[in-house]
Structure formats: structure tokens, C-alpha cells
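The values are calculated or read from the model by the stated rules, or taken from the named source; none is laboratory data. Bear in mind the structure is a predicted one, so any value in this text is a computation, not a measurement. In this analysis, Cβ positions are derived from the backbone assuming ideal geometry, glycine residues included, and neighbour counts consider all displayed protein chains.
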Amino acid sequence: MTIPLSRRLAALQGAIANDSDQAPQSIIDYKGWKPDMAALGNLGELEAINVRPTEDGYGPLPDQNPQATALTARARGAVAVSGTEGVVTTYAGDATNLYSIGPEGTPTDISGTTYTTAEDGQWEFSQFDQTLIATNYDDEVQSITVGGAAFADLITSVEKPRARHVDVVRDFLVLGNINSTSDGEKPNRVHWSAYRDAANFTPTPANQGDFEDLEEGGWIQRIVGGAEYGLIFQERAITRMSYIGPPIVFQFDTIDRKRGTPIPGSVVAFGRLVFFYSDDGFMMNDGVQTIPIGHKAVDRKFNTDFDKIYIGRMFSAIDPINKIVMWSFPGESQSTAGEPNRVWMFNWAENKWAEAELDLQLVYRALTPGLTLEDLDSITTDLDALPFSLDSRAWTGGALIAGSFNSSNRLCHFSGSNLAATIDTGERQLFRGQKAEVTGARPIVDGGTPTVTVGSRQSPQGSNSFGSAVAVDATGFSSQLVEGRYHRLRTIVPAATSWTHAQGIEVFATGTGVQ
């Protein structure tokens, strides 16, 4: 076959360009954290620390900002709810107590008794109308009217199941992985209350209360409620729980017979989307099918990094504004006595990952707090000049956000100063078949005072070595002089600096020949 002259000329011009000793500058776009992929040729990032994944790269991650004084011990679970008047209250539990935390930021012990949460146990919460339910399996299921004075035993019927997991499906309170009054431990049992009566767990056709043992799939690990149906996560299966009315009440359909979750705290929902960790990686389920989200990105790294002794230390939360799922957990090589020190983030709209290095106890579903009279001073000191009346809904808060409890047992929001950000590109051979000398770089970050460090190695068998960090000058350029065959570039944006977008990095290099 004869190759057209135009194609031969184009190939020749390409070869000449590749043999040139001067490379035109190129921009490496940030496309998402992919630590599972090989360094060389990785089109994502090898590190993306203390940043949020966004549609055009990464954004800053604010530090934990304490909103309250400390609990008396490590937090084992938390949730924020809004009462009938719009006042936001956070409820949290440690091993022996349950607390309420109002806008004033002082935890109040509202325990109904002294609890006995197991060392690897968690508190789970679910709201049924204006009643908040809390369960830890080791004690009777607890309840409190939102804004009330103290928790008390919820169930008043003769049958009083204790449960690891709880949520509301349609008009029923549903318990899972229970210890039954009548027949003991049933880790694969789902038990639902009477219709619109969360305190009655006596199974009768008249009240529609009943239970179901899911014979296959192992222990029930989480219940995800909903107005239309519920999802039951077991160790090796996912079952949809659909209301069909008496006499059967609920129909159970297994929608995934291969995947469940070994880590109850990994399961978190936002609308119809449910995110979780399965034995074969991070997944998303939409009520019909299960979709891998960690493949070719983070699954292998998590399997290596997660300290599996402390399964009960993983928690998850949704940051809806940024379309991000957050998982907090202890990293095996860095954690002290199982204390969580990692938060992994997944942007489900962009299919991108990033991580944070934070010392904390958990992340949880928080709500924006209302404004106090002192807070209103930042708007105006003249009450008559306020844009809304003092009883307006505008001052009560209630928007869904992600919150945390830090390593000092304090409730926090991610509203502090920006954390120090580190982003490493994948490794590239800047000139085909040649070594190269990187002479400079320009990080595309719209603020802060970035520095750039260039890493290089001489062969695929060699190890990468980073040079010195060099700050950018007035034009945003970082001067470098690093030779090697393969290069990666690290951008660091210092803590407490103001920036919005990190989109990539522009690289300047010179070819130094075939060696």
C-alpha cells in the first residue's frame, strides 16, 4: 500500500519535532486522584491531599472548625436534626452517654441511663416524624422527642428487639441485625414496627408489624430507608424492601447477590444514590444496579491502607453542595491506636477522588446552624435594619452539610482556614526516547503562594527523587533545573492561604538527548 505524501510529510514533521531538544510548554490538567495506577503514564494524580475534587481540578478543603465544647469521650455516632421551629440540634453518643448540642455549643448529657456500647460499636440514629431514635445494639433502643429533655426506652411492646441498625421505610421503623426478646441473636433479621407506631414491635396482621429473616448474604450491615422502598445491606447481598400492604406487608427482592459490605459505616445515601465499600471496592447503587466507582483509582490502595482491626471506626457523610461523599477511617501505617486519620472524598458528578490527612473521630450528616443574636451583629447592630424579622426562617439554618468530631471529642464544621494542599501529577517522559531537563513550571492555581517540586528518575527500575521546593515569582513561574528520563511535578499550596481552583500545571523542559 502506498502511503500518501501528505501523511509521510506529517510523520516526518512529527519525528523532527520529537527529536528537537526544545519542548514547547505543555499543560498537565488535573483529572483526579488515581493511586492504584502505575506512576509512569498515570493520567490522574499520584497525590491529591487536603483538596476537594471538582469539575475542573481541585478546590481547597477547609480545616475542622470547632462548634462546641468536648464530649467526655470518643464520639461513636452523631446526627443533626431540625425541629418543628427550625432549630438545629446535633445528637451524639459516646460509649456511655447520649448528648444534645444546640446553637450555644455546649453538650448536654440527656442519657436515659448509662449505656454499654461495645468497643467496636457505633450509635445509629433515625428520625421518625419528630421522634429521634438511637440504637447501639448493646442497650434498649432509645428515643427522644426532638428538642426534648432526655432519651428513654422506645419500645413498649412485649417484644423488645435490640438492634445494630435502624432507619425508616415508608411509615415503619425498621430494625436490622437484632437480638430478639423471643429467640435471641438474629444478625440476618429485619424487624419492622406496627404501621406508624415506632414503639410497637408485636407482629400481628392487624398492625402490619412483622419480621423477615434473610437467609442468604450474611449479617445485616446497614438499612437505608426511604419514602418508597428501603435497601438492606448484608455482607454479601443487597435486598430491596418494598411495601405491598397486608397480609405480606413488605416484599424482599435481592438486587445484588454478589456485593454487600463488610464495613457498616461505609454505607451512606443521598436521595436514590447509595455509596458503600464492598469486598471488591467502592460502589454506588441506585436502587436497581451496583456500579463500581473505585476501580482503576483507589480500591487497591484502600485495601492496603485501611486498618481492618478497626472496622467500627469508619464513618461516612454527604457534602451535597460539592457533590462529594466522605469516608473517615484509620490508616493502618499512620494511625495511632485506631484513631481515624484519613478522609477520602469522591465527587459522584465528576467521578473524581481526593483525600485528606486529618485527625478526627468521625464524619457525620450535619446541618448549618442558626444565627444567634451575637451572630446578627456581623450583619447589623441595628435590629430595625435587619432584612428579616427575628423569627424568620432565614436565621434558623438547616441546610445539609458534612460535619465531624475532631480528635478532641469536639463537634466541628469544615469551615476553618484552608488546609495545606499537595498535588502530585502522574509521571511522564516529556520527550519520547530522551531524557529531559525541566527548567520551570507554572502551577495553575488562582491564589495562594504555591511552591513546585520536581521529581525524577533515570529508569523504570529506579526510584523517584524530588528536588527542592521553589516558590513562584510575580509571574507565577517556578524556576527549576532537574534532569531525568521520567518526571512528576508536585504543587504545594500552603495552609491558611486563599484560593479557589487548582486546574493543572504548565511545564517547561529541554530535551537532553537519547542516553
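Couple of notes before you dig in:
- Against the list (1) in contact (Cβ under 8 Å) with a residue 40 or more places away in the chain; (2) in the same structural domain as residue 34 (by TED's automatic domain parsing); (3) of a type outside the set (S, T, N, Q), the condition residue 470 fails is (1).
- The selection criterion, being among the charged types (D, E, K, R), over 18 Å from residue 299 (Cα atoms) and not assigned by TED's automatic domain parsing to the domain that holds residue 495, holds for residue 323.
- Residue ID - surrounded by the most Cβ atoms within 10 Å (Cβ to Cβ), chosen from residues in region 238-291 that are among the aliphatic types (A, V, I, L, M) and farther than 19 Å from residue 326 by Cα: 238
- Test for residue 318: is it in a helix (DSSP H, G or I), under 25 Å from residue 164 (Cα atoms) and either β-branched (Val, Ile, Thr) or not assigned by TED's automatic domain parsing to the domain that holds residue 340 (or both): no
- Flag not set for residue 71, criterion: free of Cβ contacts under 8 Å to residues at least 60 places away in the same chain, of a type in the set (A, V, I, L, M) and buried (at least 21 other Cβ atoms within 10 Å of the Cβ).
- In region 147-157 there is no residue that is over 26 Å from residue 86 (Cβ atoms), in the same structural domain as residue 109 (by TED's automatic domain parsing) and without any contact (Cβ under 8 Å) to a residue 40 or more places away in the chain.
- Tallying residues that are closer than 15 Å to residue 505 by Cβ and not polar (S, T, N, Q) within region 423-435 yields 6.
- Residues that are under 16 Å from residue 492 (Cβ atoms) and part of a strand (DSSP E or B) were ranked within region 51-62; the one that is nearest to the chain's Cα centre (by Cα) is 51.
- Counting the residues of region 440-467 that are surrounded by fewer than 19 Cβ atoms within 10 Å (Cβ to Cβ) and touching a strand residue (DSSP E or B) at 6+ places or on another chain (Cβ under 7 Å) gives 10.
- Residue count for region 471-515, restricted to those that are at pLDDT 95 or above and not in a strand (DSSP E or B): 15
- Selected residue [in a loop (DSSP other than H, G, I, E, B) and out of contact with any helix residue (DSSP H, G or I) (no Cβ under 6 Å at 6 or more places or on another chain)] from 108, 114, 89: 114
- Residue that is surrounded by the most Cβ atoms within 10 Å (Cβ to Cβ) [pool: residues in region 306-328 that are among the charged types (D, E, K, R) and over 16 Å from the mean Cα position of the chain (by Cα)]: 307
- Residue list for region 263-282, restricted to those being more than 17 Å from residue 317 (Cβ to Cβ), of a type outside the set (Asp, Glu) and out of contact with any Asp or Glu (no Cβ under 6 Å at 6 or more places or on another chain): 278
- The one condition in (1) over 26 Å from residue 361 (Cβ atoms); (2) without any contact (Cβ under 8 Å) to a residue 40 or more places away in the chain; (3) basic (Lys, Arg) that residue 240 fails to fulfil: (2)
- Within region 211-230, the residues that satisfy the criterion of being touching a Lys or Arg at 6+ places or on another chain (Cβ under 6 Å) and in a strand (DSSP E or B) are 211, 213, 229.
- Scanning region 402-429 for residues that are of a type in the set (A, V, I, L, M) and assigned to a strand (DSSP E or B) returns 402, 411, 421, 423.
- Screening region 100-123 for residues that are free of Cβ contacts under 8 Å to residues at least 24 places away in the same chain and among the β-branched types (Val, Ile, Thr) and picking the one that is nearest to residue 405 (Cα to Cα) gives 108.
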